Amino acid sequence: MTLHVNSILTKRLGMMLSLLTVSLLSPLSYSSTSTTEVASTNASDANLWQQNLKQAAGETVYWHAWGGDVRTNDFITWVGEQTEALYDVKVKHVKLSSTAEAVTQVVAEKAAGENTNGAVDMIWINGPNFLAMKKQQLLHGPFVNQLPNSKYLDLSPNSAASVDFTEAVAGLEVPWRLARFVFIVDSKRVQQAPLSMAKMLTWAQQNPGRLTHPVISNFMGTTFLKQALIELTPDPSVLQQPVNEQSFATATAPLWRWYDAIKPHLWRAGKSFPENESIQQQMLSDGEIDIAMAFDPAAPAAGIASGLLPTSARVFVPSQGTLGNISFVAIPYNASHTAGAKVVANFLLQPETQAHMQNIDVLGSFSVLDPNKLDAQQAQVFATLPSSEALPTLVDLGPTLLEPHASWTTQLKQHWSQRYSQ
Amino acid sequence: MSLSSWPKWLMLTALAVGILVPVLAGLGETIWAAFGILPAIGRHTLSVDAWHQLFELPGLVTSLRLSLVSGFGATLVSLMLALFGSAWVYHTSEKESSLSRLKPFSQAILVPILAAPHAAIAIGLAFLLAPSGWLARLFSPWLTAWDLPPNLATVQDLWGLSLTLGLIIKELPFLWLVSLVALKQIDVSRQLNLTQSMGYSHTAAWCKIIVPQLYPLIRLPVFVVLVYALSTVDMAQLLGPNNPPTLALATMRWYNDTNVQLLLPASAASVLLGVLIAASVLLWEVVVRTVMFTSKVMIRSGDRTGKYSIFTGVLTTALPITVMLGLLSLLVLALWSITWRWSFPDALPTSWSYNYWLQLITNVPLALQHSLIVALISSGLALTLAIAWLEVQDRFGGHFYKITLWFIYLPLLVPQIAFLYGLKVGFLRLGLNGSMMTVMWAHLLFVFPYTMLSLVDSWRALDKRYVQVATSLGRSSWSCFWRIKLSLLLRPLLLAWAIGIAVSISQYLPTLMIGAGRVESLTIEAVSLASGADRRLVGVYGLLQALVPLLAYSFALLLPRLVALKK
Amino acid sequence: MSLELRSLSVTTSTHVSLFTAVDIVIASGEVACVMGPSGVGKSTLLNAIGGHLSTHFSVTGEVLLNGEKVTHKPVVERQIGILFQDPLLFPHLTVGDNLAFGLSSNVIGSKNRRAQIEQALEQAQLQNFYHRNPATLSGGQQSRVALMRALLAQPQVLLLDEPFSKLDLELRHTMREFLFAQAKQRNIPMLLATHEPAEAQAANGPLVILMPA
């Protein structure tokens, strides 16, 4: 006991000492890292950023992020080590089992009138959670343009980094990793993967109990439903508009027909579902099912490397393409360490950080930066990343399908649970 | 109120402020929200919309049914097994079976399961029972001919049976040990001798004479089990069905939904859960009293030939299986923690790795540090408070004895969910945001009653004549307190402390909700990891979670022996 | 009816005898006494006869009931009643229900049973005590209920382990007389462990002096 208390005390002491040294040496330590970043922005922006760095020094950023993936957790730890060394900004990863927990926390704080000292400094967020926080005005910003590294992003109005589930990002969140919906199979057991939703029905009929999807309340469960909807609906462009009763009924009729048909052939006759995609991948690894899902094309390669998936795990995508979106980080309106959170967000956009992240031995997530905005040296770092047999190239992945308007997701969830919850 | 009894009033005030106020304030916030008032999301008017919304949520009836089946099932079966287990400990038969040789060790066997948090047992059990779990792997494919796991719902089944089993496994040791302690207040062996000499069998004697005397002594622990089983979130998440889940888990999900408007029906659901639990406790008590009354009437016939054989047959089989499953659940966690890959249907890991343990040693996780600090301080505080309260009762008499006892046990008898969200908002209002201190306070709400629960009987069973003798020899009451009471009660005191540690380590919701993510804990880590795919890491954390309380128990059991040896 | 002990002794798990072997025959209606220094094993001897020994002990020699060996018979089938120092009335049952619990199941019909219990209460001079809570009874009253309960079970033999030692002198005397009368009336052998020579004398039956082995 005393040992632990001591170690915490020494840590505190160490932090205070390092604060002191940093504040003494700060002009030196900043200039070495920031000259290149600031070069292209104008002088007043550079000054603002310098101010932000100064304010951030010594802060600890509480980053609320889903904690179910060890490699992501390790990456976040690495980010914290880097920002601590470079900017004296520590990162504490608050591991969530669902991102909504962080949203609830901010809501509860607002309830209690806690408008400045919130527990959440930064959230890994996108889609419905973003929409909810934006609507409730729970987010800080716009701040993306304040980050020097935002120059590497394609921020034109309809680019992937400017729209989150058809909702305008409006500078309230910063992209950090690219996500593509993919299926995973054990290539030893499945030679011929079903490359469309119609074929998936036939496959399920022939292989009863070998297919399932995560619970619909889970992000991956809804994604699967949306993927099916886009493929089956008569006119996918309708999905880009906010939903109304009429458009919902017409657009989803074929989806429900398809789901009614496939449900009895699902794992446990479609009466029970895995909690999330990690559990689903574990079931694939255990041999309980043959097809799993991920929102990360590098998932099988990463899973093989860490012993979580069999070496024969491979990606497949429907021939029409799959949903893609971007993972963002956002800062709540009442964050205690806004400056620090911006430093961390900016660090995530550093080309070296993105390349490190894309490395299959680290995380294997595709970079969110616009390749055209990188210089030759930076592009070279990406080109020389190691590859893996289980890692598809961007070309293998085919076209990216647009996320429907977020209101569709809410409706899909509600209707699914009305139709299929006992 | 006389001036000399100020310690008593001080204690009462401390209890009221420390326990009653937070629980009631938390409940209050929740009830307001259930009736439409939650300023945070711009709701300021009284309404019953939340209730309409709640009753329209799909699957509500199934959720209710699941909660009731697992709650009553788990309580009933674990109580039966605990009573049967206690009977077995007192059964002296001339034929020594191999099992009865375990009798002297029965408590030691139960301690790991008692010490391990609910989540650890649940995680282990889930892997044990799953169609691709360890049991299936042990018997495949040579016996079952399964090359691939079968499509059977052996965990997270729709009736919540695996959840019920998990609860039984975890609650049996608690009720069993509580019964064994309580039985020390009853002259069991002579009463059994007497009853058997009148021609009643051991089982008949146990059911007709011992159980009716024992039950009133363990009524409160049984209620605690019933309430826990009806309101558990972490176990339901790991072992229960999820479409829809139990009422408690469904409530938690609504609280955590992206759609913040669901906070209102979530609060209504909390209130509903509270009502359900109150009604269940009442129903349980009514049934127990009816059974007791009927059995008293039946005793009058003097019938010695009760038909117990089927019953005892089932229990004889079920008891060792239940205990075995608990131990295997912990063992399989240990196995996973040193695995690299383990494919179906290999009976043992395909390849091994000590990586995670190495990582752990080189970089002690914050979760372990925080858990230890919170556990040590809250259990220490709880023990001090418990001793202070009992001593004050001894010296100043207890006018309010019964009622204060109910205050103390209140947090165990109200569903956690129903007041934790409100308590969190309350703490936030006071500016106590997610600090170590508030988490300790929240833990204390649960650690203190369990500490009391385990200490109160031993304290009151202490022969007061020792103290009288010492006082008559001119000892001051303080010297009596230190030299007589505390040293005679060393063993139960240490045990109560160890139970406090175990309870603190196992808290999931209080740490999660009150800690706002800033205070980490082994249990949060284990449960959130269990929602991911890395069983190896889950194994490490699950095992750590079980090891810390186990060390505390071992310390509590060994220290008195060392002291005795020295003397 | 008779109880016979043939070189009966009790040994510990390390095969040490607790006391010198006992040989005695007790006829119906007789009250035999066991005496000896305290701690010698009077209670253990009674437990050996009744079949209540814990597994740490074992019996040598034989116990015979009406000539039949019952040494290793299960307690439940021996029909040897026992009365301890404490009355051990079951606190969750009324006085009447305590007696009903003891009353042999050979007596059938609830009216009939009730009548027998009332009769027993009368014999013990405890009329109108049926619905009383045992805790409200005096020591002497509790002892009488305990004795009646043991007798209502219709035992073949009754063992008494210093049953009245906690009562005051006068009460002890009355209880003793009551007991001897019951032995005569029920016509069963009784074995009384005592450390009072006066009691042994009053019993006027065979005497065993237990000596450490």
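A short reminder: the numbers here are calculations on the coordinates, not readings from a lab. The structure presented is a predicted model; accordingly, all values stated were derived computationally and were not measured. Note: ideal-geometry Cβ built from the backbone for every residue, glycine included; neighbour counts use all protein chains shown.
Structure summary
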{"quantity": "If the convex hull is drawn through the Cα atoms of the stretch A:57-125, its volume per residue in Å³", "calculated": "71 Å³"}
{"quantity": "Using distinct alpha-carbon pairs, which all enter the 1/r mean, Kirkwood radius of the stretch B:480-539 in Å", "calculated": "14.0 Å"}
{"quantity": "Within-15-Å neighbourhood charge of C:Val25 [Cβ basis; K, R +1; D, E -1]", "calculated": "-3"}
{"quantity": "Rel. contact order, % - alpha carbon contacts under 8 angstrom, at least six apart, the stretch B:290-445", "calculated": "17 percent"}
{"quantity": "Distance histogram in 10 Å bins (all Cα pairs of the stretch A:239-325, percent per bin)", "calculated": "14, 34, 35, 15, 3"}
{"quantity": "Radius of gyration and maximum dimension Dmax of chain A, Cα, Å", "calculated": "22.6, 70"}
{"quantity": "Residue of A:Asn73, A:Asn158, A:Asn359 that the Gaussian network model of chain A assigns the largest fluctuation, springs spanning Cα pairs under 10 Å", "calculated": "A:Asn158"}
{"quantity": "Expected-Rg normalisation [2.2 N^0.38 Å, Cα atoms] applied to the protein assembly as shown", "calculated": "1.11"}
{"quantity": "Rg(Cα) / (2.2 N^0.38 Å) computed for the stretch A:306-422, rounded to two decimals", "calculated": "1.39"}
{"quantity": "Relative contact order for chain B, counting Cα pairs under 8 Å that sit 6 or more residues apart, in percent", "calculated": "24 percent"}
{"quantity": "Overall Cα dimensions of chain C, principal axis frame, Å, largest first", "calculated": "50, 37, 30"}
{"quantity": "Rg/Rh (Cα only; Kirkwood hydrodynamic radius) as it applies to the stretch A:75-221", "calculated": "1.06"}
{"quantity": "Rounded Å value of the spacing that divides the Cα centres of the stretch B:99-143 and the stretch C:35-114", "calculated": "41 Å"}
{"quantity": "Positive-pole candidate from A:Ser306, A:Ile331, A:Gln378, dipole of the stretch A:297-422, charges at beta carbon", "calculated": "A:Ile331"}
{"quantity": "Candidate aspartates and glutamates for bridging to B:Lys8, where Cα separation is under 17 Å - those fewer than 8 sequence places away on the same chain excluded", "calculated": "B:Glu391, B:Asp394"}
{"quantity": "Subset of B:Lys307/C:Lys69; B:Lys424/B:Lys485; C:Lys69/C:Lys166; B:Lys307/C:Lys73 violating a 30 Å alpha-carbon distance limit", "calculated": "B:Lys424/B:Lys485; C:Lys69/C:Lys166"}
{"quantity": "Euclidean distance of C-alpha centroids, the stretch B:254-270 and the stretch A:222-288, integer Å", "calculated": "25 Å"}
{"quantity": "Those aspartates and glutamates that a straight Cα-Cα span of less than 17 Å connects to A:Lys92, excepting residues fewer than 8 apart in one chain", "calculated": "A:Glu59, A:Asp69, A:Asp74, A:Glu81, A:Glu84, A:Glu101, A:Asp121, B:Glu520, B:Glu525"}
{"quantity": "Euclidean distance between Cα centres, the stretch B:282-344 to the stretch B:422-475, Å", "calculated": "31 Å"}
{"quantity": "Cross-link partners of C:Lys42 among aspartates and glutamates (Cα-Cα below 20 Å; sequence separation of 8 or more within a chain)", "calculated": "B:Asp187, C:Glu4, C:Asp23, C:Glu30, C:Glu62, C:Asp86, C:Asp161, C:Glu162, C:Glu196, C:Glu199"}
{"quantity": "Over the stretch C:49-107, relative contact order from alpha-carbon pairs under 8 Å, at least 6 apart, %", "calculated": "27 percent"}
{"quantity": "DSSP-defined beta bridges in the protein assembly as shown - what % are antiparallel, rounded to 5", "calculated": "60 percent"}
{"quantity": "Dipole magnitude of chain B about its Cα centre (Cβ charges: Lys, Arg +1; Asp, Glu -1), debye to nearest 20", "calculated": "1800 debye"}
{"quantity": "Dipole magnitude of chain C, debye to nearest 20 (Cβ charges: Lys/Arg +1, Asp/Glu -1, about Cα centre)", "calculated": "480 debye"}
{"quantity": "All-pairs alpha carbon distance profile, the stretch B:356-490, 5 Å steps from 0, percent", "calculated": "2, 8, 14, 16, 15, 13, 10, 9, 6, 4, 2, 0, 0"}
{"quantity": "For the stretch B:164-293, alpha-carbon Rg relative to the globular expectation (2.2 N^0.38 Å, N residues)", "calculated": "1.42"}
